[in-house]
1. How many Å² of accessible area per residue for segment 141-233, probe 1.4 Å?
2. Step through the table entries 156/219; 302/350; 142/219; 156/223; 387/476; 142/223, compare each Cα-Cα distance with 25 Å, and write down the pairs that go over it.
3. Out of 461, 382, 370, whose Cα points farthest toward the positive end of the dipole of segment 350-462 (charges: +1 Lys, Arg; -1 Asp, Glu; placed on Cβ)?
4. Using the alpha-carbon centroid of each, what span in Å lies between segment 295-333 and segment 480-505?
5. Counting only helical runs of four or more DSSP H residues, what would the 222 nm mean residue ellipticity of the chain come to if each run contributes -39,500 (n - 2.57) and the total is spread over all its residues?
6. Quick one: accessible area per residue over segment 393-434, 1.4 Å probe, rounded to a whole number of Å²?
7. Can you give the net charge of the other residues whose Cβ lies under 13 Å from the Cβ of residue 185, counting K and R as +1 and D and E as -1?
8. Quick one: what does P(r) look like for segment 222-304 with 10 Å bins over all Cα pairs, in whole %?
Amino acid sequence: MNMLRMVGVVFLAGFLLAALVFFGLYHWASKDLPGFKKITDYRPPLVTTVLTGDNQVLGHFFRERRFLVRLDEMSPYLPKAFLAAEDSGFYQHEGVDLTAIFRAALVNLRSGSIRQGGSTITQQIIKRLLLSSEKSYQRKLKEAILAYRLENYLTKEEILTIYLNQIYLGAGAYGVEAAARSYFGKHVADLNLAECALLAGLPQAPSHYNPYQHPRAAKARQKYVLEQMLGIGWISREEYEAALARDIELTSMDDPSWSVGPYYLEEVRRWLIARYGEDEVYEGGLTVYTPCDLFHQAAAEKALRNGLAASARRRGWIGPLGRLEPGQAQEFLRAEADLDRTYAKGDWVKVLVAAVDAAGAEVRFGSERGLIPVSSMDWCRTPDPKKAPEDVPKIKDARKVLAVGDLVWASVESAPGKAGGPWRLNLEREPEIEGAIVSLDPRTGDVLALSGGFSFERSQFNRATQARRQPGSAFKPIVYSAAIDEGFTAASLVLDAPIVFENQEQGKLWR
């Protein structure tokens, strides 16, 4: 009897001691806890989208590339894939999964290193949004306390939605919608099972499992996720095998930002920042509607570039952009090859002269070969103001213009045929003068197109809106329009004799 009483006393003392330790740890970890309720008003940094008049995308502004989506806007496979990979007991625990923590501890003890974590999705949200990544027991305890409180404040669906929109998935993509666009060129609603499993494998190490850089590691991780889904019973054996056998087609959704209409987009950006502030523009997820017409915009840019390039050609050849030594040349070609560009007729490209004879120059750009015939160098002759252009002798020997190692601009005339061969190119030179163009709808005043210079990469100064100059003949359409409104026609005669105003008080005349 005494023995039983002693055991009971020891047990009670142990229980009280454990309770004291627990409450002591709770009090220690609870000091300076951040308020978790701001998570409930979830406002992550989102992409601002600028649209044209017909709702095409002109460009994006962002600090973190994230597009907010709801669970019902996602592929049904996607939440399951992430839960299978990160927190299969998500709907059973209350923020902390003690079973997962114990299982992870055993795996880490056996391996002698940290191979597995026991954090739930709720804990991951707390760590990303409220706490630091500091590895300490106090931070883990704070994380657990806040996770439990959050679970009692939000629904499971709300927590999962926050997680899937918040998490970084590599390639500059924050959240699953941005990742779907970056890796598969589609919206998250259109993802298949294989693609969902690949995305779900990324959170553990986005750079290591990036399918663009490490396709084998990404495929192995995808297999792990599919196995987890199969083991839980969320997919069938047939779905598992079909997804595993499916080839992943990697492609990024086109982002037109700064490609068509960069001066227009920059003008919109400056106006937005002046009105709403930088944080709202880069994080507010605004949708901005503009009257820009991409067809007009492309035509305006082409007209301006062609006009300035033609003006430059009339002034003759001023020499190459530079001359590269053999080592520099190889470095240039490697850098160009890494860009993996595509070229269309009229596109300009920097090329390196590899060989030259009287008939023309053989050039290299990236891994491509091109030919610039001497016939495209007629304009390289020295202009003579006393003679008409057709009377100035033509260039008949390309060696008088180019030399091996020259770095020059060329425009694409035609691509190689099916049988291969070099690209056909024309020699070009950048203009030294600049220009601007604006296209307005006279009925509404809408700016349909705007370009402020030859190249936005070369100069972001917008000569259409930022330059100050004499109006010159720009006032004539305004005056003529007013005259036509008053009944004048193209045949009307206006007396252009001098007009004299006499100021008798001051004794002055204005003529």
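1. Accessible surface, normalised per residue, equals 37 Å².
2. Violating the 25 Å limit, Cα to Cα: 156/219; 142/219; 156/223; 387/476; 142/223.
3. About the Cα centre, the residue reaching furthest to the positive side is 370.
4. First find each Cα centre; the distance between them is then 46 Å.
5. Computed mean residue ellipticity for the chain: -12500 deg cm²/dmol.
6. 54
7. With Lys, Arg at +1 and Asp, Glu at -1, the neighbours total -4.
8. 13, 26, 16, 14, 22, 8, 0
The values are calculated or read from the model by the stated rules, or taken from the named source; none is laboratory data. Because the structure is a prediction, the values reported are computed rather than measured. Neighbour counts run over all protein chains shown; Cβ positions are idealised from the backbone, glycine included. Accessible surface is based on the protein model in full, side chains and every heavy atom, while ligands, DNA and RNA are left aside. Shrake-Rupley method; radii C 1.70, N 1.55, O 1.52, S 1.80 Å.
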